[in-house]
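Below is one structure; the comments refer to it alone.
The values are calculated or read from the model by the stated rules, or taken from the named source; none is laboratory data. Please read all numbers here as calculations on a predicted model, not as lab measurements. All Cβ positions, even for glycine, are placed from backbone atoms using ideal geometry, and neighbour counts span all protein chains on display. Just the protein is used for accessible areas: all its heavy atoms, side chains included, with ligands, DNA and RNA removed. Shrake-Rupley method; radii C 1.70, N 1.55, O 1.52, S 1.80 Å.
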2 protein chains.
Amino acid sequence: MNKPRRSKPTLYQELHDRLAADLAAGVYPVGGRFPTEQELCARYSLGRHTVREALRLLEEAGLLSRQAGVGTVVLARTPPEVYSYRIDSIDNLTEYARVTIFDKKQEGVVTLRPKLAETLGAEQGSRWLRMAGLRHTQNDELPVAWTDIYISEPYIGVRDGIGGVSRAIYQKTSEQFGFTIARVERRIAAVSMPEDLAAELSSEPGAPALMERRRYWSDKGELFEITLSFHPGDRFTQTILLERET
Amino acid sequence: MNKPRRSKPTLYQELHDRLAADLAAGVYPVGGRFPTEQELCARYSLGRHTVREALRLLEEAGLLSRQAGVGTVVLARTPPEVYSYRIDSIDNLTEYARVTIFDKKQEGVVTLRPKLAETLGAEQGSRWLRMAGLRHTQNDELPVAWTDIYISEPYIGVRDGIGGVSRAIYQKTSEQFGFTIARVERRIAAVSMPEDLAAELSSEPGAPALMERRRYWSDKGELFEITLSFHPGDRFTQTILLERET
DNA sequence: TCATCTTAAATGTTCGGATAATGTTATGAC
DNA sequence: GTCATAACATTATCCGAACATTTAAGATGA
């Protein structure tokens, strides 16, 4: 994404570079006023469009703030160092989400007892539909995880036709009830493989495992789904790549 | 960041909304050409600046692609759903980075053997400065992790004055040698606590533990630092919050 | 047939000007 | 003094016009 330096840079690009250099050098104190468009036009003998284009670049870079009636304010001397982990779509939240299938083994409505409520990070005494089962890839013989899926009581309708389908459940829920997912929280911890899951996962009790909890919020701020997964340590690693934004 | 709908929307805002609606409705097929600026000016009786501002918004939303000599191409009907995990600064890559101190126990230059090279994801036979020790909080008695820090041979100079300082090592390295960190990769897996570390961490051998590997690249694409940490499972969890971008 | 040149079309850049919207500040009535 | 109002400064929006740059496609020639 770094454009090669043009042989003949544009005027607004040149002005932008110059002003950015001035900002970096501390010529304009942070929090103070930046020269007005008129001033810049006069000082550099440029048209207002050119000046505004340069200012727009500086604003997009997070260095300036512009507002009618106020003026242009200096926000920072250098662009903030920002690293981002970006996911293009909710569907590739993890690489295994799409390519694995859910083999439902248990189902029922539960009322959260204190201990489970704390594990899930949900209201004590609230009622949820719980579906539990194995998650594995199409061809592989060994399951990748044991997953407990909890769906908030108002949205229990999605149960119909879950088994084996590769579509994600949160997606179904959000489509069926017409809202969008606004927030997803993932929490990961290392635990011992619980005894009752070891057999299902063809693993040893007490072997290292990753416990992953996910909580999904709707755009109304409502927590509508929670999943709890146990991955055998030798079959699952998670990688996150952080890249600096340009 | 959602501005309240103005009582009197601007013309380019109105045009943007209308074109976005058309795109969503599939009026312009993805991959095909979008009407030219001239056409839009004529069709809606607007000046070119106004049309270009609307197109700029659509381009920023990821719906259109514009290029001189080619024209405007439809990229998508609706803006891509994007979730982002954003870190403002490299320093709060994890919440414990700043508040913990590193208690160096070992130090030496190593040449990577095949197995260690694979674990670290680095070149076999390359030489690194290895520093290892415990990481713990100021007041707490129990250490949070055992950490191996590997620094690429050209940058070994940073060793001076590492002990106990709370500044991060990658930060020192990048400052001292005058480059910026462009990429950070984190990889997490569940493992058994290695026998030789159990005593140091006051943990049990074989107990669940999180192994975290971090690799740091410079802006020149050079892998200059790798860290390997072992966290006792009962003293460390990791939480990531993904939020939908506006 | 292939490479090169020419041309046309589209977006990009830059000027000039005018009006609108938005805060800040000074003014003035009470 | 306090509050409403008017004047002002500044950015935002919008129009018109011209030229530059980039790319695709057609024309030309060896």
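Look at the range A:111-123: where a residue is over 18 Å from A:Phe230 (Cα atoms) and a partner is of a type in the set (Phe, Trp, Tyr), sitting 6+ places away or on another chain with Cβ atoms under 7 Å, you get A:Leu112/A:Trp128. Taken together, A:Val30, A:Val73 contain a single residue that is in a strand (DSSP E or B), among the aliphatic types (A, V, I, L, M) and under 30 Å from B:Ser84 (Cα atoms), which is A:Val73.
When A:Ala68 is tested against the conditions (1) within 15 Å of DNA strand C (Cβ to nearest atom); (2) open to solvent by less than 60 Å² (accessible area, probe 1.4 Å), the lone failure is (2). With respect to A:Tyr28, is the statement that it is under 26 Å from the mean Cα position of the chain (by Cα) and either open to solvent by less than 60 Å² (accessible area, probe 1.4 Å) or within 29 Å of A:Glu243 (Cα to Cα) (or both) true? No; evaluated as a whole, the condition is false for this residue.
Suppose we filter A:Ser166, A:Ser84, A:Ser126, A:Ser152 for residues that are hydroxyl-bearing (Ser, Thr, Tyr) and modelled with pLDDT under 75; which single one remains?
Exactly one of A:Ser166, A:Ser84, A:Ser126, A:Ser152 is hydroxyl-bearing (Ser, Thr, Tyr) and modelled with pLDDT under 75, namely A:Ser166.
Out of curiosity, is A:Gln38 within 12 Å of DNA strand C (Cβ to nearest atom), exposed (fewer than 12 other Cβ atoms within 10 Å of the Cβ) and more than 20 Å from A:Leu75 (Cβ to Cβ)? So A:Gln38 fits the description; yes. Summed over the range B:208-246, residues that are farther than 28 Å from B:Trp128 by Cα and out of contact with any strand residue (DSSP E or B) (no Cβ under 7 Å at 6 or more places or on another chain) total 3. Looking at B:Thr78, is it touching a helix residue (DSSP H, G or I) at 6+ places or on another chain (Cβ under 9 Å), at pLDDT below 95, within 16 Å of DNA strand D (Cβ to nearest atom) and within 14 Å of another protein chain (Cβ to nearest Cβ)? Spelling it out, it is not the case that B:Thr78 is touching a helix residue (DSSP H, G or I) at 6+ places or on another chain (Cβ under 9 Å), at pLDDT below 95, within 16 Å of DNA strand D (Cβ to nearest atom) and within 14 Å of another protein chain (Cβ to nearest Cβ).
Checking each residue in the range A:182-210 for being surrounded by 20 or more Cβ atoms within 10 Å (Cβ to Cβ) and more than 7 Å from every other protein chain (Cβ to nearest Cβ) picks out A:Met193, A:Leu201, A:Ser203.
Of everything in the range B:213-246 that's among the acidic types (Asp, Glu) and within 10 Å of chain A (Cβ to nearest Cβ), which residue is most open to solvent (accessible area, probe 1.4 Å)? Write out each step before concluding.
First, the residues of the range B:213-246 that are among the acidic types (Asp, Glu): B:219, B:222, B:225, B:234, B:243, B:245.
Now narrow it down to the ones that are within 10 Å of chain A (Cβ to nearest Cβ): B:219, B:234, B:243, B:245.
Values: B:Asp219: 83, B:Asp234: 129, B:Glu243: 87, B:Glu245: 69 Å².
Going through the qualifying residues, I end up with B:Asp234.
Looking only at residues that are open to solvent by 80 Å² or more (accessible area, probe 1.4 Å) and over 13 Å from A:Thr72 (Cβ atoms) in the range A:43-60, which one is farthest from DNA strand D (Cβ to nearest atom)? Residue satisfying both the conditions and the ranking: A:Ser45. Selection over the range B:41-55 of residues that are within 14 Å of another protein chain (Cβ to nearest Cβ) and either within 8 Å of DNA strand C (Cβ to nearest atom) or over 14 Å from B:Asp17 (Cα atoms) (or both) gives a count of 4.
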